[in-house]
Amino acid sequence: MDNVIDLTENDNTKDANRERKIKGKGGFFAVEKPIVDALISQYGVDTTAAYIVLARYTDKAHKITPAGVKVIESSTGIGRLRVKKILENNLAGIVVKAGGTKHRPRRALKAYADIEKIGDHRNQFFDTEMTERQREVYDLISNGGTVRGKDKQIANTLVSTGWLNDTNGHYSIKVDVDNGPEREFIWLPNEFVDGATDETPPLKLLRQSGNGKALRLYLDFANHHELIEHGGVDRNIISGPSFRRKIWEYGENNIYEFWLPGRMICNRNHSVVEIQKEKIWDNVHFLTRLGLVEWVWTLAESNETEAQMIRPHAIDDGTDEEQACRELSEYNASLMCGYEHNKISSEKHSSKPKDYEGWEDGFEGWQKYLKNGEGQFTYAAVPHHFSNVTLVYILRLKYRPNTSATKSWWGWVNEEKSKMTSEYESLNSKKYSKFI
């Protein structure tokens, strides 16, 4: 839906026709990651929020925006004088005037490759030239050649200046010397700036918090958000495990009980986590309390971070369709065990960690959670060839851009729900012996 926004920056303007429709480009927009990263580190949340608002209203080329002081003020809660100072000082050289009128200027957002510096952050690729010999070595590597002798010293210099990668002595091209670095976009839904009905927009919440690392973490999560591959944020960054025990077999299916501790694990070696350092869990919980992220259980082929998802199995969070998949999964597992409608009772639970698969190194300290009855239990029937099947706890953004990938993910969720419904209808029409 088009948003009608008053872009007039002069309060004395009486011409109602100066209100202008700004289209939302399909419901999402993009910001360049190195720009917002530098803005957060150099200027904090206010300047970054102002820049994101400008980007929200850019054209399809992510460049020209009609938004200005008044839109930034209403979208972020930053005072008008403060917004003007941000535009004139912090964003000078990053956002430039691009026509319009005195009271209704249009602005252009520069690409990162065209920005010399942001505060004290200098763009190493701006107007950088190689020496003739460096270019020869660069071209050699670009064409698949082998670096030998003194050329290795030159190659190492190109690594340190950001033009090459060095993987255990193997050099590869990092940046196209002729075209500059490829633009790295973070895709965000318009609702990140606009909010939904009767709620404070996410960007305004984060801006009001003054927590630059929380804003950086949210943007990093958005940058690594893969619904098709991971069901949410890349599991190489953060996720949570479950533990299982097989309780029954039926036809081609194994029926498992899963214990879900609801605890998360992060990869301390990932750059997203390294940037947060000791604040990683504080900011994850902060984003959760703000209602910007949620944790969703999903059935996967294994605990490996690259394992494919099998089907949704949401319990508390997630969409209604994902929760329906979990309910149907539990119903079907119960029917296969001879019960009616999810009657596998709590007396079947075990408080002995050894009864559950997956108590590997690093999980011994979680035994107290199981013995204290913490966490949740759920059931699923899975074809027996999924020998390493597990439930994984996935972090997901609640505000998601309506891209083709998001639409494909929705199609998968609804398809799995349809399959589970058909299986339930088939099982419910039969009779079974009581599970003992």
Would you check which residues across region 70-85 are buried (at least 20 other Cβ atoms within 10 Å of the Cβ) and among the aliphatic types (A, V, I, L, M) and list them? VAL71, ILE72, ILE78, VAL83
I'd like to verify a number: residues in region 249-286 that are within 29 Å of HIS384 (Cβ to Cβ) and buried (at least 19 other Cβ atoms within 10 Å of the Cβ), how many? 7
Residues in region 416-435: is at least one at pLDDT below 75, touching an Asp or Glu at 6+ places or on another chain (Cβ under 7 Å) and in the same structural domain as MET309 (by TED's automatic domain parsing)? no
Could you list, in sequence order, all residues of region 134-153 that are among the small types (Gly, Ala, Ser) and surrounded by 12 or more Cβ atoms within 10 Å (Cβ to Cβ)? SER142, GLY145
Pick from region 287-321, criterion among the charged types (D, E, K, R) and assigned to a helix (DSSP H, G or I), ranking: nearest to ASN388 (Cα to Cα): GLU321
Looking across region 31-56 at residues that are modelled with pLDDT under 95 and within 24 Å of THR406 (Cα to Cα), the single one that is surrounded by the fewest Cβ atoms within 10 Å (Cβ to Cβ) is LYS33
Single residue of region 305-364 satisfying the filter (among the basic types (Lys, Arg) and modelled with pLDDT of 75 or more) that is surrounded by the most Cβ atoms within 10 Å (Cβ to Cβ): ARG326
Considering region 223-248 alone, what residues qualify as being in contact with a strand residue (DSSP E or B) (Cβ under 7 Å, 6 or more places away or on another chain), more than 16 Å from MET264 (Cα to Cα) and part of a strand (DSSP E or B)? HIS225, ARG244, ARG245, LYS246, ILE247, TRP248
Conditions (1) assigned to a strand (DSSP E or B); (2) at pLDDT below 95; (3) within 30 Å of ALA405 (Cβ to Cβ): number failed by HIS62: (1)
Looking only at residues in region 33-56 that are in a helix (DSSP H, G or I) and of a type in the set (Gly, Ala, Ser), which one is farthest from LYS110 (Cα to Cα)? SER41
I'd like to check something: does region 16-24 contain any residue that is buried (at least 22 other Cβ atoms within 10 Å of the Cβ) and either modelled with pLDDT under 50 or in contact with a Gly (Cβ under 8 Å, 6 or more places away or on another chain) (or both)? no
I'm trying to understand the selection: among the residues of region 194-218, which are among the aliphatic types (A, V, I, L, M), at pLDDT 95 or above and within 27 Å of GLY411 (Cβ to Cβ)? none
Considering only residues that are of a type in the set (Ser, Thr, Tyr) and surrounded by fewer than 16 Cβ atoms within 10 Å (Cβ to Cβ), which ones fall in region 86-118? THR101
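The values are calculated or read from the model by the stated rules, or taken from the named source; none is laboratory data. From a predicted model like this one, the values you see are computed outputs, not experimental measurements. No Cβ is skipped: glycine too gets one built from the backbone with ideal geometry, and neighbour counts run over all protein chains shown.
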